[in-house]
Amino acid sequence: MTDHISEDRLQDLLDERLSAAERHTIEEHLSACGACADRWAAWVELRDRASRAPRGITPPADWWPEIRAAIEQRKIVPMGGGGAGSPRPWWTRPIPAIAAAAVLIVLTAALTTWLTRQSSPPAPVTAGAMAIQVTEYERTVGTLLGQFEAQWRRLPPAAQVEVARNLMVVDSAIREIRTVLQEEPGNETLLGVLLASYRQKVALMEHVTQAAS
Amino acid sequence: MSAHVPPTTDSPAVPDLPEAVRRVQRGDVAAFEVVYRANVDRVYALCLRMCGDSEAARERTQDVFIRCWERIGSFRGESAFSTWLHRVAVNVVLEASRSTKRRLARVEPTADVDAIGGRMRESSPELRMDFEAAVRGLPPGARRAYVLHEIEGYKHHEIARLTGTAAGTVRAQLHRARRLLMEALS
C-alpha cells in the first residue's frame, strides 16, 4: 500500500471534520494499512492524553495573601458592568455625540450635589464604605432594570430618546470617574461624585418606572 | 439606601459557593477567599498551560482573581460561576499574551516544527515522557490553540473569536501543536 493517508487528513478525522463518505474511505484504508493504522492509533493516544489531563493543578504556593493584599491596598471594589458576558445596556449604544459636553454638565451637577451635602455636618464616611455604597447602587440598578426597560418602551418616542440620552450621559460620567478612580482608588471626593452620579441614575430610573406605571 | 460596611475576615463560614459568590458581590473579602480556594487549581492549570511558564502563570492567576473581584458585579448567574470565571481567565491570559506579543513582535522566533521538536528532545530527554512539560514547550500560538481545544474543549470557531484569528489559522496551529507533541512524546 503506497498511497498513505496524510497527516492533515488524520487530524481532520480526529477533529470529526470529514464527511461520512470521506470518513468511510479513510476507515477502509486504516483497516487494510498497518502503517497508517499505527499512525492513527498514535493520534488517538495523544488526544486521549489531553482528555486525561487533570482539570486542576495545585499552585506551588498559597497566593491568597497577595491577592487579598492587592484588593485591599488598592481598595478595589467589585463593580458591575463591562464584565465578561455582560451585554451593554441599550442606552449605551451609539447615540449622537452629545456626550462629551453633557458629561461635563453631569459631573458638575454631581460634584455640586456632593459638595452641597458636604456643607452640612456629614457623618464620617470612609472610601471603603462609599465603595460599598457604589456596589449597592449597582445592585439597585440591576434590580430596577427589567421593570424600567418595560416601562421605558411604553413612553412616547421623544421621551424614550430623552431618557436614553440622559442615562447615556450619566453612564458616561460614571465610566469617566471609574477610569480616574483606577489611578486614585482612595480618592474620596471622586467616590463622592461617583455616588452622586449613581444617585442621579437610580432617581431617573425610578422616576421612569413610577411615572409610566 | 443605607451604607453597607463591608465585612472582612470576621465573616462567618460560607455555607456554599453560590452564597459565597453573592457575598463577594456585596464586597465580602472572606467569602472571596472561599471562592478563590474553590477555583484556584482550575484557574492555575489553565494559566500554566496557556502561558507555558510558571512565573507568568502565577501572575496571570493573580490577575484573574483580581479581575474576578472587580467584575463579579456583572455576574448575573445566567451560567455557572465556574464557567463565568473560566471565561474571565481565558480573556485575562489572552489579553496578556497579546500585550506580550506586541512587545516582542520582532523578537519572538518563528516556530519550525522540526527544529522545535528536535530542540525539545535534545534539551531535555525526560520531556518525551512528560505531557505537561511538552505542552508548555509548544510555541505560543500552537500552545493556546491546543490547550483551548484539546484540554478546555473550545471549538475552532470559538478559539478564533477569542484570539481574533481565522478559524483556518486556529486549525493550522492545532495541527502543528499535535505534530510537535507527537515528536516530543514519541
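Throughout, read-outs are computed from the coordinates displayed, never taken from laboratory work. This structure is a prediction, so every number in the text was calculated from the model and none was measured. Here the Cβ is made from the backbone with ideal geometry for all residues, glycine too, and neighbour counts use every protein chain on show.
What FRET efficiency comes out for residue A:203 versus residue B:38 if R0 is 30 angstrom and r is the Cβ-Cβ distance? Round to the nearest 0.05.
0.20
Within 10 Å, count the other beta carbons around each residue, average over each peptide in A:54-66, A:163-175, and list them highest first. Let's see the in-between values first.
Details: A:54-66: 13.2, A:163-175: 20.8.
Ranked by mean Cβ neighbours within 10 Å, highest first: A:163-175, A:54-66.
Using 1/(1 + (r/R0)^6) with R0 = 41 angstrom and r between the beta carbons of residue A:27 and residue B:133, what's the FRET efficiency to the nearest 0.05?
0.75
Within 10 Å of each Cβ in peptide B:168-177, how many partner chain Cβ atoms are there on average? Round it to a whole number, please. Could you put the intermediate results ahead of the total?
Details: counts 0, 0, 0, 5, 1, 0, 3, 7, 1, 1.
Per residue, the average neighbour count from other chains is 2.
Determine, for each peptide in A:142-153, B:40-51, the mean count of other beta carbons within 10 angstrom over its residues, then list the peptides with the highest first.
Ranking, from highest mean packing down: B:40-51, A:142-153.
Other chains' Cβ within 10 Å of A:46-52 residues: what's the mean?
5
Arranged from highest to lowest average of other beta-carbon atoms within 10 Å per residue, in what order do the peptides B:139-146, A:38-45 appear?
B:139-146, A:38-45
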